[in-house]
């Protein structure tokens with residue numbers, strides 16, 4: 001158990017819909033990272049937040065957005081969902097920045113029908 | 001943009017055989033990290049290499065960072081079925097970049 005929690009574990013929805021994925025980092029970790037893992041694209045970094053502020057941006061689509069709240073939990077919002085958005089979404093946290101060890105949550109499996 | 005090439009994509013070995021995965025970057029790296037993801041699991045941090053020519057060992061795993069800090073390798077001696085999974089290298093270039101991963105399967 002990494003100490004990072006993610007909800008829900010599974011999510012099945014339809015194209016065009018919007019969903020919110022939730023992540024609680026390890027106690028004391030200030031950075032949260034979001035990743036998308038699909039069979040054809042591998043593990044793709046989406047975005048990093050540090051203490052509530054966006055720190056780094058990866059291959060995140062404009063239909064996706066994220067935020068980190070004062071209690072440091074984070075949410076990833078995916079809208080206008082397409083079939084290709086079906087993937088495993090991981091959240092990770094670290095004490096400070098990307099040079100630190102990242103601890104991954106169990107992931108949310110999103111299926112878009 | 002910065003990229004990292006990881007090979008091979010797949011490796012099937014007999015239990016007891018050795019295994020090596022390689023990561024290569026076109027640019028000099030500040031550091032490189034390695035993660036392992038078991039089937040159905042999430043990535044788990046293994047190690048970080050920072051110094052040129054650095055070699056670190058964890059039991060049967062040996063990690064190397066090239067002298068030019070452009071490449072790295074992970075070598076597993078005498079693989080066991082518990083080594084099954086995908087091994088990723090990770091570099092930082094303004095954002096975090098995962099290699100494509102090497103999926104290791106071990107036949108008992």
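Throughout, read-outs are computed from the coordinates displayed, never taken from laboratory work. The shown structure was predicted, so the numbers you read here are calculated from the model rather than taken from an experiment. Using ideal geometry, Cβ is built from the backbone for each residue, glycine included, and neighbour counts are taken over all protein chains shown.
What whole number of Å gives the distance from the Cα centroid of the range B:49-104 to the Cα centroid of the range A:66-85?
Using only Cα atoms, the two centres lie 30 Å from each other.
Taking the Cα-to-Cβ direction at residue B:44 and at residue A:12 and moving 7 Å from each Cα, how far apart do the two end points lie in nm?
Output for this residue pair reads 3.0 nm.
What shape does the range B:25-108 have by the C-alpha gyration tensor, where a ≥ b ≥ c are the square roots of the eigenvalues, rounded means a/c under 1.5, and otherwise prolate means a/b greater than b/c and oblate the rest?
Since a/c reaches 1.5 but b/c is at least a/b, the shape of the range B:25-108 is classed as oblate.
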